[in-house]
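Enquirer: Let me give you the structure first, and then I'll get to my questions.
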Amino acid sequence: MRIDVVSIFPEYLAPLELSLIGKARQDGILDLRVHDLRAFTTDRHRTVDDTPYGGGAGMVMKPEPWAQALESIAADRPEGSGRPVLIVPSPAGERFTQALAYELAEQEHLAFACGRYEGIDERVIEWSREHFDVRPVSLGDYVLNGGEVAVLAMVEAIGRLLPGVVGNPESLVEESHSDGLLEYPVYTKPSVWREREVPAVLLSGNHGRIAQWRRHEQFRRTAERRPDLLEAFDAGKLPRADRTEL
Ligand SMILES: N#Cc1c(-c2ccc3ccn(Cc4ccccn4)c3c2)n[nH]c1N
């Protein structure tokens with residue numbers, strides 16, 4: 001998979017050089033490129049923002065640097081790849097979910113546009129549809145200062161689903177949200193810790209009973225902490241977790 005990220009703070013994406021995503025890049029599973037939006041400005045001050053039409057607080061990101069950056073990415077797309085998907089983090093976007101992570105993990109080329117200030121001139125989103133499948137996406141119902149934190153989360157959630165990134169693909173099946181439910185509690189040695197014991201069933205060696213207990217714990221936790229997920233689960237609206245390997 002090829003991923004391009006455009007930001008005025010490219011160093012914000014440095015954590016993607018670490019851990020599993022960093023190794024996936026070294027192994028050639030993920031070709032991730034970060035671009036500084038200011039490299040696509042033409043004035044001596046490398047200006048990326050201006051005052052909003054209609055007034056209001058804050059500044060808006062100018063359209064032309066974005067068009068230059070995104071045209072450069074579209075022109076450099078991998079040989080034979082289809083139309084790239086442009087994900088625009090935004091508080092006004094569709095919710096990022098595990099199901100969307102699975103969907104995007106099947107794409108050959110993703111691009112992320114990290115806005116700042118009060119956002120990107122809306123005409124960029126409209127213009128981008130000439131070159132990309134454009135998806136405004138929100139990390140959640142709270143306000144961040146820009147798109148970079150959302151991109152860190154989305155790239156990790158998507159990248160870990162790619163074949164060869166996590167050691168045991170089986171582990172992707174049983175984690176929270178992979179089947180629409182929260183994950184069961186996990187324990188390790190010692191079996192008694194500060195007078196707290198590991199549930200006896202987990203020490204029984206009876207794999208059928210262990211699986212039954214774990215499934216029950218998933219439903220109990222989901223009902224307690226995320227009843228909204230339980231309704232979706234009961235309605236059969238499962239995320240795309242019907243495969244352990246993409
Ligand atoms: N994904 C996501 C986001 C964002 C987000 C994403 C991109 C930008 C670019 C600028 N801002 C600041 C800002 C504040 C207020 C109104 C508009 N814009 C962003 C915020 N906030 N919350 C999420 N779940």
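The values are calculated or read from the model by the stated rules, or taken from the named source; none is laboratory data. Model, not experiment: these values are computed from the prediction. Neighbour counts are summed over all protein chains in view; Cβ atoms, including those assigned to glycine, are modelled from backbone coordinates with ideal geometry.
Enquirer: Can you tell me which residues in the range 89-103 are acidic (Asp, Glu) and in a helix (DSSP H, G or I)?
Expert: Once the filter is applied, which keeps residues that are acidic (Asp, Glu) and in a helix (DSSP H, G or I), the range 89-103 yields only Glu103.
Enquirer: Within the range 49-77, work out how many residues are under 21 Å from Phe112 (Cα atoms) and exposed (fewer than 11 other Cβ atoms within 10 Å of the Cβ).
Expert: 1
Enquirer: Sticking with this one: Listed residues Glu122, Glu130; which is under 23 Å from Arg38 (Cβ atoms), without any contact (Cβ under 8 Å) to a residue 12 or more places away in the chain and more than 9 Å from the ligand (Cβ to nearest atom)?
Expert: Glu122
Enquirer: Output the residues belonging to the range 81-107 that are near the ligand (Cβ under 7 Å from one of its atoms) and surrounded by 22 or more Cβ atoms within 10 Å (Cβ to Cβ).
Expert: The one that is near the ligand (Cβ under 7 Å from one of its atoms) and surrounded by 22 or more Cβ atoms within 10 Å (Cβ to Cβ): Pro89.
Enquirer: Is it true that Leu110 is assigned by TED's automatic domain parsing to the domain that holds Ala67 and near the ligand (Cβ under 8 Å from one of its atoms)?
Expert: When the stated conditions are applied, Leu110 does not pass them.
Enquirer: Got a sec? Which of Tyr102, Tyr117 is touching a residue at least 12 places away in the same chain (Cβ under 8 Å), aromatic (Phe, Trp, Tyr) and under 30 Å from His177 (Cα atoms)?
Expert: Tyr102 is the lone residue from the list that is touching a residue at least 12 places away in the same chain (Cβ under 8 Å), aromatic (Phe, Trp, Tyr) and under 30 Å from His177 (Cα atoms).
Enquirer: Could you tell me whether any residue of the range 133-150 is surrounded by 19 or more Cβ atoms within 10 Å (Cβ to Cβ), without any contact (Cβ under 8 Å) to a residue 40 or more places away in the chain and within 16 Å of the ligand (Cβ to nearest atom)?
Expert: Checking the range 133-150: not a single residue is surrounded by 19 or more Cβ atoms within 10 Å (Cβ to Cβ), without any contact (Cβ under 8 Å) to a residue 40 or more places away in the chain and within 16 Å of the ligand (Cβ to nearest atom).
Enquirer: Being over 21 Å from Leu70 (Cβ atoms) and not in a loop (DSSP other than H, G, I, E, B) is the filter here, so list the residues in the range 104-122 that pass it.
Expert: Across the range 104-122, the qualifying residue is only Ala105.
Enquirer: Can you name the helices (runs of 4 or more DSSP H) wholly within the range 123-238 that have at least 3 residues being at pLDDT 95 or above and touching a helix residue (DSSP H, G or I) at 6+ places or on another chain (Cβ under 6 Å)?
Expert: Ranges flagged: 148-159, 207-225.
Enquirer: Pick from Ala14, Ala24: which is small (Gly, Ala, Ser) and over 22 Å from Gly146 (Cα atoms)?
Expert: Ala24
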